Structures are given as structure tokens and as C-alpha cells.
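The values are calculated or read from the model by the stated rules, or taken from the named source; none is laboratory data. The structure presented is a predicted model; accordingly, all values stated were derived computationally and were not measured. Using ideal geometry, Cβ is built from the backbone for each residue, glycine included, and neighbour counts are taken over all protein chains shown. Surface accessibility is based on the protein's heavy atoms, side chains included, excluding ligands, DNA and RNA. Shrake-Rupley method; radii C 1.70, N 1.55, O 1.52, S 1.80 Å.
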Amino acid sequence: MLQAESPFNPVALIAKKRDGGRHTPAELHQLIERFMAGDVADYQLSAWLMAAVLQGLNRAETVALTEAMLASGDVLKLASVSAPKVDKHSTGGVGDKISLCLAPAVAACGVAVPMMSGRGLGHTGGTLDKLEAIPGYRVALDAREFERVVQRCGVSMIGQSDRLAPADRRIYALRDVTATVESIPLIVASILSKKLAEGIDALVLDVKVGRGAFMRDLPSARRLARALVNVGGQAGKRVVALLTDMSAPIGRSIGNALETKEALQVLHGQGPDDTRELTLLLGSEMLRIAGAARTASAGRARVARALDSGAAFKHFARMVEAHGGDVRCIHDPARLPQSRHRVSVTSARSGNVQRCDALELGLVATLLGAGRTRADQKVDPAAGIELAVKPGERVERGQPLAWLHVDEPALAERFVQRVRNAFSLGSRAGRQRPLLLGRVG
Ligand code: URA
């Protein structure tokens, strides 16, 4: 532990940040350590968080906060895994099932992927909920089991454990209810403290931009990406960030079992073009940063081969089995949870799809049961939305725009008009926005 220059006084630290002062690394280490020990009350840390949101943290402070949060728990070594270890983290989106296709595809190319994922909250989905749509899949493995699965299968996807960066879990819960989530330094410390605890060598970030994302515009997404890349680099990791579009949902499904099914299509070399394309973009970066491909195009070709040859699917099947999941469901996706009804949302007129609002569709999918509005809610694995059309495509009057997957048709009826309004139609040819909007690192 670093020593503070003066006796620890949380009120003085709050006042220092409130008045625009700069913290020393020792002060930040003590703040987090004493908070975890119960010597700093939740209301005091909340006051400090608000001061940090309003006054900002500079690069050195962000690095020190990240390190202090990382030091609140264990750091995995994964010493028995000899392959380079790379993870991917997405800042959260709608229809984002990419981890399920990407992690096994990269593992099939000889790069180990120890992946710690989150649950959906608000309008965004979470990888853990999608994996749990596979009956029996255990997301809670202890460190030894996690290492064993990574060693054996090249990939393991688990939930955040109490032992890795526990400070983030407690601080995030406070940020969630004190309007202090929207701060680049706090987001950076939160994401990187968890990722650095996984024992990885390198990290690829998918920073989402657009109406369905935390970062609504390109300049703020670029600022977040730069901060993540810089602080990750200072912590001794190779980090690259891609800025990708989140104005429309990824692929054609929103909801846990529906998205797992789509990920399985991609793992068989099929599936929607954008889901596959994002898998190839991120996969090629992961191979490059791991030193397993010299150029992005060589990496892309290898990931494509892993998907098309069935090697990626085999890695996924092996991982599901190691996690106790019912592999029959992934060989036969019809066995995954299915809702009792599929309600059509038809178009009121003919036209070309100009826009398909990711935020609105994510919110409706959540309210259908696919997500949570409170952290303690259970999700319905079968609920969700299947898209019939996407930007750039044409729909005729009376033809479906989407289907709502629900057990109770009355629930779906409440949202039909909202889903219809989420699609904007026009006479000019619609076009899909490019997926890749930038790269940092
Ligand atoms: N995701 C995280 O893990 N932390 C944040 O603060 C925001 C998004």
C-alpha cells in the first residue's frame, strides 16, 4: 500500500476534489481501501464521486483510481495457459451477441480468451443472460475452474466474481443511484479494473456510438476510447479500441435465446451480415494484438476460416459442456427456450427503411421481459424482438417489420405501435450506416 502524506480524512478528500484539487495516488488508494474496509460511508464516497464527475480526474488520477480498484481484489495469473490471453469488452448495446461468436472463433485461432462478462441493465443486453439461455450453463466458476476451462477449451465466459475488483461492484451500485455513471474517468476505472483482474495480456474494446449506446456522439466516444487505451497502456497492457455504430440493433434479434440462436448461425458461417462483420472486425484486432496475425486482413481471413470450417462452433460446444450447459440445445437450437407466441408488427405503409431505433427497440425488449429495469429482476430467456427488416431494406404495406416473442399476446399488443414507430420509412433508398466508425490505439 502507498502511504498518504497526512492522516486519512475522507471529508478533506471530498473537499479537495470539490474545489478542483488533484489527488495523489496515495490519497486515491487510501480512499478506496478505507471505503472497502467500511471506514468511508456510502454517502461520503457518493459525494466524492459527484465531485469527481463535476471536476474531472486527470490521467494520473484515473490510473491511480484504476489501480486502487484493481487492488481491492485478486488478480488472476492463468499461469498454466501458455497461449497469449486477450479479451474483448463492449461498452454495451442492443442485439450485441458478438462475444458469443467472437470468443470461440478467436480461441479456434490459438489465442486464449478468458472473458468476464456482465448482465444486461437498462436497454442494453448482457452476455451472461444470453449464455444462461442455454439450460444448465454455469456463469459462476471459481478461479481454478476458470483457468482449467481456458486451458482446455481456449475460452471461458464467466460472470464478475466477488473476488475480482470488488470495489467496482460496490462503487458501480452507488454510481447507478447517484447520477454519477456518466464520467469518462469513472467509466475507465470501472471497466479496466475488472479487465486487468482477468490476467490478460491485451484487450480489444468495442466502444459503441449512437442512440443505443452510452456515448451518443463520435467525439465523446473517441474521448472515452482514448482514455481507455491510454490508461490500459499505462497499466502495461496492449489495448486497442474500435468505435462502432449502435444506431440500429446488431443483427436481427434482441433477447437472450433469440440472440444465442443468431450467434450459433454465425458460428456455423451463416447469420446476418452485420453480426458476422463485427465478429470479423473485432476478431482480426484480437489476433493482431495477440501477435497471432501480422495484419488485420490476415487476422480477418483466419477468423472467417474458423467460422466457416466449424472450428469456432466446436470451441463453443466444448466450452458450453465444460460450463455444464446442455449441448443438445446448441446442436439443435429449437431446444432453446421459446416463447408461446410470436406477434407480428406490420408496416402501415410501403417504403425503404431509413432508421431502426436501437434505443427504443432495446427498451421495448426489456419491457417484454428480455431485460431488467432493476438489478434484482429475473429475465425471461425466450422474450424479445426479431427484426424482419433493417435500414437499407424495403418493406411493403401490411408486411412485417418485426415479430415480438412473448408468452402473453396482451403484453405484446401494448408495444406494437411503439415498435412500429421505431422504424422510419422513406421513399429514397435507405442505407445501412458503416459499422466501423474509427479506431484508437
Ligand atoms: N461499463 C462498466 O463496466 N462500467 C461503467 O462505468 C460503464 C460501463
> Where in region 379-397 does the label zone of Thr346 land, with the point 7 angstrom along Cα→C-beta and an amide N cut-off under 17 Å?
Replying inline: 388-389, 395-397
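Quick check on packing: order 228-239, 356-367 by the mean number of other C-beta atoms within 10 Å, highest mean leading.
Details: 228-239: 19.3, 356-367: 23.7.
Per-residue Cβ counts within 10 Å, averaged per peptide and sorted highest first, yield 356-367, 228-239.
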> Taking H as built 1.01 Å from N, whose amide H comes closer than 5 Å to the amide H of Leu401, not counting residues under 5 places away?
Replying inline: Val345, Thr346, Ser347
> Hey, any idea what the orientation-averaged projected area of the convex hull of region 314-372's Cα atoms comes to, in nm²?
Replying inline: 7.0 nm²
> Near Gly56, within a Cβ-to-Cβ distance under 15 Å, what is the net charge of the other residues, with Lys and Arg +1 and Asp and Glu -1?
Replying inline: +4
> Cα to Cα, under 13 Å, and not fewer than 8 places away if on the same chain: which aspartates and glutamates meet these conditions relative to Lys195?
Replying inline: Glu67, Asp74, Asp87, Asp168
> Using the beta-carbon distance between Thr24 and Ala173 and R0 = 30 Å, what value does 1/(1 + (r/R0)^6) give for FRET efficiency, to the nearest 0.05?
Replying inline: 0.70
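Please give me the summed charge of the neighbours of Leu361: other residues whose Cβ is under 12 Å from its Cβ, Lys and Arg +1, Asp and Glu -1. Could the numbers behind the result be given before it?
Values: positive: Arg211, Arg252, Arg355, Lys390, Arg418, Arg420; negative: Asp357, Glu360, Glu386.
Once positives and negatives cancel, what remains is +3.
If you place +1 on the Cβ of every Lys and Arg and -1 on the Cβ of every Asp and Glu, how big does the dipole about the Cα centre of region 1-116 come out, in debye to the nearest 20? Mind showing how you got there, number by number?
Numbers: 10 positive and 11 negative charges, 64 e Å.
Charge dipole, region 1-116, about its Cα centre: 300 debye, nearest 20.
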> Hey, can you rank 252-263, 278-289 by average C-beta count inside 10 Å, highest first?
Replying inline: 252-263, 278-289
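Could you tell me which of the pairs Lys16/Lys77; Lys194/Lys314; Lys97/Lys237; Lys130/Lys390; Lys77/Lys130; Lys17/Lys88 are separated by over 31 angstrom between their Cα atoms in the structure shown? Spell out each step's value before the answer.
Values: Lys16/Lys77 37 Å; Lys194/Lys314 28 Å; Lys97/Lys237 25 Å; Lys130/Lys390 22 Å; Lys77/Lys130 27 Å; Lys17/Lys88 33 Å.
Pairs exceeding 31 Å: Lys16/Lys77; Lys17/Lys88.
Keeping all protein chains in place, calculate the accessible area per residue for region 328-441 (probe 1.4 angstrom), answer in Å². The partial results should precede the final answer.
Details: 5890 Å² over 114 residues.
With the other protein chains kept in place, region 328-441 gives 52 Å² per residue.
For the full complex of protein chains and a 1.4 angstrom probe, list Thr178, Thr127, Thr295 by accessible area with the highest value first. Could the numbers behind the result be given before it?
Numbers: Thr178 40, Thr127 20, Thr295 65 Å².
Heavy-atom accessible area, descending, gives Thr295, Thr178, Thr127.
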> So how do Leu411, Leu192 rank on accessible area, 1.4 Å probe, biggest first, that is with the largest at the start?
Replying inline: Leu411, Leu192
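How large is the helix-only mean residue ellipticity at 222 nm for the chain, computed as the sum of -39500 (n - 2.57) over DSSP H runs with n ≥ 4, divided by its residue count, in deg cm²/dmol to the nearest 500?
Numbers: 18 runs with 195 residues, N = 441.
Per the formula, -13500 deg cm²/dmol.
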> With every protein chain left in place, what is the accessible area per residue of region 90-222 in square angstrom, probe 1.4 Å?
Replying inline: 30 Å²
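Show me the trypsin sites (Lys or Arg not before Pro) within region 138-198 that DSSP assigns to loop and that have at most 15 other Cβ atoms within 10 Å of their Cβ.
On the way: sites: Arg138, Arg144, Arg148, Arg152, Arg163, Arg169, Arg170, Arg175, Lys194, Lys195; in loops: Arg138, Arg163.
Loop-located and lightly packed - Arg138, Arg163.
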>> How big is the dipole moment of region 272-371 about its Cα centre under a simple scheme where the beta carbon of each Lys and Arg is +1, that of each Asp and Glu is -1, and everything else is neutral? Debye, nearest 20, please.
In response: 240 debye
> Between rounded, prolate and oblate, where does region 154-276 land on the alpha carbon gyration tensor, with a ≥ b ≥ c its root eigenvalues, rounded for a/c under 1.5, else prolate if a/b exceeds b/c?
Replying inline: prolate
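If packing is taken as the mean number of other Cβ atoms within 10 Å per residue, what is the order of 196-204, 214-222, highest first? Each step should come with its number before you reach the end.
Numbers: 196-204: 23.0, 214-222: 16.7.
Going by the mean number of other Cβ atoms within 10 Å, highest first, we get 196-204, 214-222.
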> Carbon and sulfur atoms: what percent of the 1.4 Å accessible area of the chain do they account for?
Replying inline: 50 percent
> If you place +1 on the Cβ of every Lys and Arg and -1 on the Cβ of every Asp and Glu, how big does the dipole about the Cα centre of the chain come out, in debye to the nearest 20?
Replying inline: 1100 debye
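At a threshold of 8 angstrom on Cα-Cα distance, excluding pairs fewer than six apart, so keeping six or more, what relative contact order does region 27-142 reach in percent?
Details: 81 pairs, mean separation 22.2, N = 116.
Computed value for region 27-142: 19 percent relative contact order.
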> With a Cα-only, solvent-free Debye model of the chain, what are the log10 I(q)/I(0) values at q = 0.07, 0.09, 0.12 Å⁻¹?
Replying inline: -0.34, -0.57, -1.00
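Among rounded, prolate and oblate, which fits region 76-122 when a ≥ b ≥ c are the square roots of the eigenvalues of its C-alpha gyration tensor, a/c under 1.5 means rounded, and a/b larger than b/c means prolate? Mind showing how you got there, number by number?
Details: a/c = 3.62, a/b = 1.77, b/c = 2.04.
Note, shape of region 76-122 comes out oblate.
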> Given H placed 1.01 Å from N in the peptide plane, which residues other than close sequence neighbours of Leu425 have an amide H under 5 Å from its amide H?
Replying inline: Gln354
>> Could you report the accessible area of Met69 in Å², rounded to 10, computed with a 1.4 Å probe on the protein chains as they sit in the structure?
In response: 10 Å²
> Percent relative contact order of the chain, based on C-alpha pairs within less than 8 angstrom and at least six residues apart?
Replying inline: 19 percent
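Contact order normalised by length for region 274-373, with contacts defined as Cα pairs under 8 Å and 6 or more residues apart; what percent is it? Numbers along the way, then the final one.
On the way: 39 pairs, mean separation 11.3, N = 100.
In percent, rounded to a whole number, it is 11.
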